[in-house]
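Read-outs: derived from the displayed coordinates by stated rules, not from any lab. Nothing here was measured: the structure is a model prediction, and the numbers come from that model. Methodologically, a virtual Cβ is constructed for each residue, glycine included, from the backbone with ideal geometry; neighbour enumeration extends over all protein chains shown.
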Amino acid sequence: MASRFDIRRQTGFATIAMICFFALYLPIITLVVYAFNAGSSIAIWEGVSLRWFYQAWNNNQVVDASIRSLQISSVAAIVSTIVATMAALATTRTKPYPGLGFKYAFINQPLMVPEIVTAVALLIFFSRIKIWTGYSGLGYLMVAHTAFCIPFAYLPIRARLENMDLSLEIAAADLYATPWKAFRRVTFPLLWPGILAGLMLAFVISLDDVVITEFVKSGGQDTLPTYMLGQFRRVITPEINAISTVFLLISILIVTVFFFISRKKDQE
């Protein structure tokens, strides 16, 4: 009798997975280790030191770029998540109708279009507005990042809505709850993990963006990624590693907080 096929146990899959994880995380581990290098080389180990963390902390350009990145990412994440939540509700809490598929495609279009195309389009569009208004502040970057992050926030929120049981919302309507009260008391608490996931994803995407930022920003508006990219054109020091390590720790902290919050919500 032939052995039964089990998709859960495929020869070589575990090995391939381990190789992929090794290739992914080994460079990150190397980066973190060399952030504590006492020397000026990013390739030669010269002892343990916090020198580059102190130097990054006292570097006004790094501090300004970091604050600017956090400002833009926070605004973009919050606004894009609000818009994505409204879009997700409008496209899931309704009966199918002609054009609904087009709306899905329209919302997710920035995911399909190469980022360089979006960047060039925003450059042309905002350049005209800058000429007309004379304004060249951070508002353009915030708007550009928000528009780019909407589909990233939309996907987890929509997925959460599609997997939610409608019976509680229907029961709230049967008990004469207004649409707003049903959303506030029933839908929103159940949807919160999806909203938080969308918010985190949008924040990370905005914080990490380089291409759109390079095309849209004005002089003196470097974000941390564009500042680090500029440093690679000059002398590279472990200061870049130290900055990257700090942001890696921040990302891990955010993911950890989300994990515990979402687990608590699911248990409730």
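The table that follows gives values for the structure above.
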| item | result |
| --- | --- |
| Full-stretch length increase - Leu168, Tyr135 - with 0.36 nm per residue and alpha-carbon distance subtracted | 7.0 nm |
| The chain: Cα Rg divided by the 2.2 N^0.38 Å rule of thumb | 1.25 |
| Whether segment 1-124 is rounded, prolate or oblate, judged on the alpha carbon gyration tensor where a/c under 1.5 counts as rounded | oblate |
| Highest to lowest packing among 143-151, 82-90, scored as the average C-beta count within 10 Å | 143-151, 82-90 |
| For segment 69-186, radius of gyration divided by Kirkwood radius, i.e. Rg to Rh on alpha-carbons | 1.08 |
| Net charge, Ala88 excluded, C-beta distance under 12 Å - Lys, Arg +1, Asp, Glu -1 | +3 |
| Using θ = phi - 60° and Karplus 6.51 cos²θ - 1.76 cosθ + 1.60, couplings along segment 193-200 (whole Hz; Gly, Pro as x) | x, x, 5, 5, 5, x, 4, 5 |
| Extension gain (nm, one decimal) between Asn59 and Ile116, 0.36 nm per residue minus Cα-Cα | 17.5 nm |
| Fluctuation leader among Gly219, Gly12, Gly198 - the chain, Gaussian network, Cα springs under 10 angstrom | Gly12 |
| q = 0.13, 0.21, 0.22, 0.26 Å⁻¹, segment 138-230: log10 I(q)/I(0) [Debye, one scatterer per Cα] | -0.58, -0.95, -1.00, -1.20 |
| Structure-based [θ]222 nm, the chain - -39500 (n - 2.57) summed over DSSP H runs of at least 4, per residue, nearest 500 | -24000 deg cm²/dmol |
